[in-house]
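In what follows, a structure is listed as structure tokens, so that the remarks can point back to it.
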Amino acid sequence: MKYKIVVDSSSNLTSDYIKDDEVGFAVAPLTIRVGGKEYVDNDAVDVDELLDNTMKSEEAGKTSC
């Protein structure tokens, strides 16, 4: 029997954390909405821009959670 472990990106694990023929592993990225813009929490996210927009926004950020 094969298994697949799925975690969200707040786990800070990389998609190659587990390499096994019987166990698959995947990271589901969270979506963060700040100041009218959506950021996908993956390796390509611009953290500096996200933090800058968070500080400038008068509204609380929202996530896909």
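Heavy-atom surface analysis with a 1.4 Å probe gives the chain a carbon and sulfur content of 51 percent of its accessible area. Take the chain with all the other protein chains still there, run a 1.4 Å probe, and you get 80 Å² of accessible area per residue.
Each Lys and Arg adds +1 at its Cβ and each Asp and Glu adds -1 at its Cβ; summed about the Cα centre, the chain shows a dipole of about 260 debye.
Restricting to lysine pairs 8 or more places apart or on different chains, what number in the chain have Cα atoms under 23 Å apart? Walk me through the intermediate numbers first.
Values: Lys2/Lys19; Lys4/Lys19; Lys37/Lys56; Lys37/Lys62.
Here the count comes out as 4.
Name the GluC sites (Glu not before Pro) in the range 1-64 that are in a loop by DSSP and that have at most 15 other C-beta atoms within 10 Å, would you? Kindly include the intermediate steps, with their values, before the conclusion.
On the way: sites: Glu22, Glu38, Glu49, Glu58, Glu59; in loops: Glu22, Glu58, Glu59.
When the GluC sites (Glu not before Pro) of the range 1-64 are filtered for loop state and at most 15 Cβ neighbours within 10 Å, Glu22, Glu58, Glu59 remain.
Of the trypsin sites (Lys or Arg not before Pro) found in the chain, those in coil by DSSP whose Cβ has at most 10 other Cβ atoms within 10 Å are Lys2, Lys19.
A straight chain from Val45 to Arg33 at 0.36 nm per residue would run longer than the Cα-Cα distance by 3.1 nm.
The values are calculated or read from the model by the stated rules, or taken from the named source; none is laboratory data. None of these values were measured; they are calculated from a predicted model. Don't worry about glycine lacking a Cβ; one is built from the backbone with ideal geometry, like all the others, and counts go over all protein chains shown. The accessibility values were calculated without ligands, DNA or RNA, using every heavy atom of the protein model including side chains. Shrake-Rupley method; radii C 1.70, N 1.55, O 1.52, S 1.80 Å.
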